[in-house]
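Each remark here refers to the structure printed beneath this line.
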Amino acid sequence: MMYLESPPKLIPTEVFSAVPAEFRRRVASEWADANRPGAVTDCFIEGPSFDADGNLYIVDIPFGRIFRIAPDKSWSQIAEYDGWPNGLKIDAMGRILIADYRHGLMELDARSGEVTPLLRSRNSESFRGCNDLHIASNGDIYFTDQGQTGLHDPTGRVYRLRVNGALDCLIDTGISPNGLVLDPHEAVLFVAMTRDNAVWRAPFMKDGSVSKVGRFCSLFGPSGPDGMTMDAAGRLFVAHASLGHVFVFAPNGECIARIKSCAGPSCTNVAIGGADRDRLYITESVTGSVLVADKRARLDISLSIYPRHRTCTRLEGSTIFEASPRCRLGNWPRDARLAAAGRG
């Protein structure tokens, strides 16, 4: 992880809520035997996503469960089915979609608890193991097909399911594709490649394909980047599944903050929430905890990556302040200007 002028700011967390005792199962599961051999796994939560009423939905992978956490922090089990739900997102219409490792894309009816298939295969070929998804503003669904891919087998796939039903394979050389998110302009797709310990940046071409795919940032550790989200300022929040942190990257790839888990080391996914959308919620899967970044901590970071303003900017909360004219983009070398504009 690289930074330029200042080391990443440390932001603490606190426990928002944890899986209640009545929902923990101290029994063996096929998923745990394969993914956490020898470890007691009474739950493994992932996929945080808020609905319009402020309820937080999460999945429990090994036992095929979907939970809803109300604003008062009370838990309710919405569904249990024969699957391994890994990612969950709620679209603008309130539809709850699931990336299921066993079954592909699924849809949940929160009132009945019924989980039904949305997309199980591509050209009659089953998916390797779907991991996470992201929903574009037009309703297109981007999702990763991770399976057991890695450096030994770089064949993970990233798909786009268009609203008209067309399925596009955008990447088929992924090194364990996991979380993914579009930038605020929906011109670039970011994909966490867990076993590459990196986040890939995939710009879209005019025809909707991706090209010039490259590593946006690199990390380290026995596992790697997992779920991600991005705020309106273009800051990328990357949960790391073994380092006990969520790392925050500026649009130029600089690590500007680290949000430290107050529970276990396995930060697997993130969601922005709160009345003002100014709090970050994190699933820490090993302890079954949902963490929240301390609301008193604000990012106060100097950035020089907004060429349309032609000055450096300082982001504090969601407000942009003009800084010294000495930082004008026009004073940069030509190569730096092109990189800041995304044309490097």
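How large is the accessible surface per residue of the range 91-245, computed with a 1.4 Å probe and reported in Å² as a whole number? Intermediate values should be presented prior to the final figure.
Values: 6580 Å² over 155 residues.
Using a 1.4 Å probe on heavy atoms only, each residue of the range 91-245 averages 42 Å².
Largest accessible area first, the residues 133, 118 order themselves as 118, 133 under a 1.4 Å probe with ligands, DNA and RNA left out.
Mind giving me the nanometre distance, one decimal, between the label points for residue 30 and residue 275, set 7 Å out from Cα along Cα→Cβ? About 4.6 nm, to one decimal.
Mind ranking 217, 262 by accessible surface for me, highest first, 1.4 Å probe?
Details: 217 10, 262 70 Å².
The most accessible residue leads, giving 262, 217.
Add -39500 (n - 2.57) for each DSSP H run of 4 or more in the chain, then divide by its residues: what number comes out at 222 nm, to the nearest 500 deg cm²/dmol? Show your work: numbers first, answer last.
On the way: 2 runs with 13 residues, N = 344.
Theoretical 222 nm ellipticity from helices: -1000 deg cm²/dmol.
Between residue 211 and residue 74, what FRET efficiency follows from the Cβ-Cβ distance if R0 is 35 Å, with the result rounded to 0.05?
That gives a FRET efficiency of 0.15.
Label-to-label distance for residue 4 and residue 121 is 5.1 nm, based on points extended 7 Å past Cα in the beta-carbon direction. Straight Cα distances below 19 angstrom link residue 206 to the aspartates and glutamates 140, 168, 183, 186, with same-chain residues fewer than 8 positions distant left out.
Accessible area ranking (1.4 Å probe, heavy atoms, ligands and nucleic acids excluded), largest first, for 195, 277, 258, 120: 277, 120, 195, 258.
Given R₀ = 25 Å, FRET efficiency for residue 187-residue 218 by Cβ-Cβ distance, to 0.05?
Taking R0 as 25 Å, the efficiency between residue 187 and residue 218 is 0.65.
The values are calculated or read from the model by the stated rules, or taken from the named source; none is laboratory data. Here the structure is a predicted model, which means the values were calculated and not measured. For neighbour counting, all protein chains shown are included, and Cβ atoms are generated from backbone atoms with ideal geometry for every residue, glycine included. Quick note on the areas: whole protein, heavy atoms, side chains included, nothing else; ligands and nucleic acids left out. Shrake-Rupley method; radii C 1.70, N 1.55, O 1.52, S 1.80 Å.
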